[in-house]
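Taking it in order: structure first as structure tokens, then the write-up.
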Amino acid sequence: MTQVADTAGTGILRALRERRSFAQVAPEEPPRELIRQVIEACTWAPNHHRTEPWRFVVLTGLAREEMGDFLAGIRRSQLEDPDGDEGRKVVEKERAKPLRAPVLIVVAAVPTGHPKAIEIEEIQAVAAGVENMLIAAEALGLHAMWRTGKPAYDDAVKRYLGLPSGSHIVAFVSLGYPVLPRVPRRRQDISHLITWRDGRES
Ligand SMILES: Cc1cc2nc3c(=O)[nH]c(=O)nc-3n(C[C@H](O)[C@H](O)[C@H](O)COP(=O)(O)O)c2cc1C
């Protein structure tokens, strides 16, 4: 018999459909308790061998500016002409990135030393957790956006954040209160993405 979804179940499906990535949030910093709830949602994700491979670095206030300076320094060192007009723009853009929201949560998969752990599965578990965070943020009246970019894959950034060697930054989650009404998302129709096989194909 088909089970009819309860109200909570319907709410979850609506949150999945209505979640959206958008950059603009209010400058006001959400209280730590709300940030903790968003982080806790990550830790309810499935994880093989129960390794719980997620770790979080929460940057707020001046720590975001320090991170911006650090990222700007890296970007500067990569440019041929960092002091030219174009170079300066690129460096300043990098510096501003951690300031796009009042809270920046770095979500990483760290090696847990579990003998059966498979690295890609550890990353997958954390990615599942990041989606939980985005949905939890919606449920709490916040907005969270998943970003990566080159700094996510830079060992110097991982060291700066105090992440152990062998860690993977899975997401920079920016978090704040939404300011804009969200525009509905578009997705392609799923029909052509699915192959149904029930053993009766001729
Ligand atoms: C692994 C991953 C990395 C992402 N990195 C970025 C990013 O660096 N910058 C960005 O603007 N969006 C980033 N996004 C968000 C996607 O751009 C966004 O999910 C996509 O445009 C679909 O929009 P929606 O989330 O509103 O459905 C990332 C998403 C994922 C899953």
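Read the figures in this text as sums done on the coordinates, not as results from a lab. In this text, all values refer to a predicted model and were calculated from it rather than measured experimentally. Counting neighbours? That spans all protein chains shown, and the Cβs are built from the backbone with ideal geometry, glycine included.
Averaged over every viewing direction, what's the projected area of the C-alpha convex hull for the chain? Give it in nm², one decimal, please. Please report the intermediate quantities before stating the final value.
Details: hull surface 67.7 nm².
The Cα convex hull of the chain, projected and averaged over all directions, gives 16.9 nm².
When we measure straight from the Cα of LYS89, which aspartates and glutamates land under 19 angstrom away, once same-chain ones fewer than 8 places off are left out?
Counting by Cα, and skipping residues close in sequence, LYS89 has these aspartates and glutamates nearby: GLU65, GLU66, ASP69, GLU80, ASP81.
Show me the ranking of peptides 172-178, 41-47, 57-63 by mean Cβ neighbours inside 10 Å, starting with the highest.
172-178, 41-47, 57-63
Under 8 Å for C-alpha pairs, at least 6 residues apart: give me the relative contact order for region 104-202, rounded to a whole percent.
On the way: 102 pairs, mean separation 36.8, N = 99.
After rounding, I find 37 percent.
If you average 1/r over all unlike Cα pairs in region 142-202 and invert the result, what Kirkwood radius do you get in angstrom? Provide the component values of the computation, followed by the final result.
Working: mean 1/r = 0.0620 Å⁻¹.
Every distinct Cα pair counted, the radius reaches 16.1 Å.
By how many degrees, between 0 and 90 and to the nearest 10, does the Cα long axis of helix 7-18 differ from the longest principal axis of the chain?
50 degrees
With everything on Cα atoms, drop me the angle between helix 119-139 and the longest principal axis of the chain, reported from 0 to 90° to the nearest 10.
90 degrees
Expressed as an acute angle from 0 to 90° and rounded to the nearest 10, what is the orientation of the C-alpha long axis of helix 32-42 relative to the principal long axis of the chain?
Relative to the chain, helix 32-42 is tipped by roughly 50 degrees.
With Cβ to Cβ distances under 10 Å as the rule, what net charge do the other residues near GLU138 carry (K, R +1; D, E -1)? The partial results should precede the final answer.
Details: positive: ARG14, ARG19, ARG20, ARG182; negative: GLU18.
That works out to +3.
For the chain, what does the relative contact order come out to in percent, with C-alpha contacts under 8 Å and a separation of six or more? Each step should come with its number before you reach the end.
Details: 290 pairs, mean separation 62.1, N = 202.
Across the chain, relative contact order equals 31 percent.
Among 153-159, 143-149, how do they line up by average Cβ neighbours within 10 Å per residue, starting with the highest? Could you put the intermediate results ahead of the total?
On the way: 153-159: 14.4, 143-149: 18.1.
In decreasing order of mean packing, 153-159, 143-149 become 143-149, 153-159.
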